[in-house]
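Here's the structure we're looking at; comments come further down.
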Amino acid sequence: MRICHLLASDACQEDLITIGQLLGRLSACHFEQDVACADGATAAWAEPVLGVDVRRLHLRFWGYVGATGPGWTANRRPHLVHVWGGDPTPFRSLLGFDDLAVVATADPCRAGRSGPHLHLKRLYRRLTLVCDSDAVRDAVVRSGHAASRCAVVRPTAELDARHATRPTPTRDLLGLPDDQPVLLTPGPPSRNGGQYYAVWAGALLQQLFPDVRLIVPGDAPERIRLERFARSFELPEIVVCTRHRWSCHELMGVADLLAAPALVDGPTGAVARAMAAGLPVVASDIPAMREVIEDGVTGLVAPLGQPTKLAGAALRVIEDAGLRARLTQAARQHAAEAYPTSRFVQQYEAVYERAFAHVRTLAMGR
């Protein structure tokens, strides 16, 4: 089976981490994989992260633009396309190819990510949505997508060798103080991702820690609004937006805790990797996070949309070394047992095979 990992314009670093796992682990005997994008800017920052050639794809004719080596042509299209990101442009371009299976990653947190299945009715029957928790799957089904075309793939807490050996930033490089708390939040910035509440909580913590910082990885139009929100507290320096330079897991080494105050059920991969890396986690009390975190054992949960409670939970972790050590030890053990890469890869293999078989059945029916 030939698989195209197609990066939309709003694909993020966490998407690339997952793609990197699949490129290195999916069986080469059964799957041919390649990575493409619809714009040159995405390829420019994705190639160094993935370590592979990310070529620009002509979406209309399914041929590479300016390809220097062997590539797909119109008569050798992939069997399955996995679209990473919520930009609807790639989904619209797939409407004319009825023989292609389409897979997308469900991410209700990302801005504008209400789901392409709600808008592209002709693609609906060929679209399989991958969710990383039962809570996200239930939300997608409630929105109208068929349960039979929703798959749950638990995140993996491990990193492939290429990501594990990438140089990580230092506090000096990021301009962070050595003696003040540094909070990290999953990106990219979005309304539903809860980064606004993390800024609010940071402003409260600033009363005790004048130089507290909040790192927000990834880039999106919402980043500018988030920085403006920080300036409204007269704390423009509190937010450090790294854009596409470093991913969330690469920034864990300079942070004191991960704040994940998402407002809706969304991806939990960053939380799982933080637990495996020994970074304490404070998250919203929502079903998706409850599937990953046991409150008071592997992390702390705070009431949804209450920055004062989020700041209080973060303060507990920062000031109580005993609690921090207990959370870290339990989280590492849980992540190692609950999120192995072998199961993650097997689940993706099953998703791809089932999605392709479903489209073949549809074609036979016509």
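The values are calculated or read from the model by the stated rules, or taken from the named source; none is laboratory data. Keep in mind the model is a prediction, meaning the values are calculated, not measured. Glycine gets a Cβ as well: all are built from the backbone with ideal geometry, and neighbour counts include every protein chain shown.
A few notes on this one:
- The residues of region 312-366 that are within 19 Å of the chain's Cα centre (by Cα) and under 24 Å from Leu214 (Cβ atoms) amount to a single one, Ala335.
- Of the set (1) in contact with a strand residue (DSSP E or B) (Cβ under 7 Å, 6 or more places away or on another chain); (2) under 28 Å from Pro177 (Cβ atoms); (3) among the hydrophobic types (A, V, I, L, M, F, W, C), all apply to Met289 but (2).
- Any chance Leu235 is closer than 21 Å to Ala283 by Cα and of a type outside the set (Lys, Arg): no
- Check on Gly296, in contact with a Lys or Arg (Cβ under 7 Å, 6 or more places away or on another chain), surrounded by fewer than 24 Cβ atoms within 10 Å (Cβ to Cβ) and not hydrophobic (A, V, I, L, M, F, W, C): no
- Residues being outside any strand (DSSP E or B) and under 24 Å from Thr361 (Cα atoms) - total across region 126-147: 8
- Cβ-Cβ contacts under 6 Å between residues 6 or more apart (or on different chains), taken from a first residue in region 142-153 that is at pLDDT below 95 and among the charged types (D, E, K, R) to a second residue that is assigned to a helix (DSSP H, G or I) and surrounded by 14 or more Cβ atoms within 10 Å (Cβ to Cβ), are absent.
- In this structure, Arg223 does not satisfy being closer than 18 Å to Pro307 by Cβ, touching a strand residue (DSSP E or B) at 6+ places or on another chain (Cβ under 7 Å), basic (Lys, Arg) and not assigned by TED's automatic domain parsing to the domain that holds Leu16.
- Tally, over region 187-225, of residues that are assigned to a helix (DSSP H, G or I), surrounded by fewer than 20 Cβ atoms within 10 Å (Cβ to Cβ) and of a type in the set (D, E, K, R): 2
- Once region 300-349 is narrowed to residues that are aliphatic (A, V, I, L, M) and free of Cβ contacts under 8 Å to residues at least 12 places away in the same chain, the residue that is surrounded by the most Cβ atoms within 10 Å (Cβ to Cβ) is Leu323.
- Residue satisfying all of: in region 201-260; more than 13 Å from Leu183 (Cβ to Cβ) and acidic (Asp, Glu); modelled with the highest pLDDT among these: Glu227
- Matching entry among Glu237, Glu250 (being assigned to a helix (DSSP H, G or I), in contact (Cβ under 8 Å) with a residue 60 or more places away in the chain and surrounded by fewer than 22 Cβ atoms within 10 Å (Cβ to Cβ)): Glu250
- Gly69 under 28 Å from Thr168 (Cα atoms), at pLDDT below 75 and not assigned by TED's automatic domain parsing to the domain that holds Arg273: no
- Matching residues, region 21-59, being assigned to a loop (DSSP other than H, G, I, E, B) and either without any contact (Cβ under 8 Å) to a residue 12 or more places away in the chain or not assigned by TED's automatic domain parsing to the domain that holds Gly86 (or both): Ala28, Cys29
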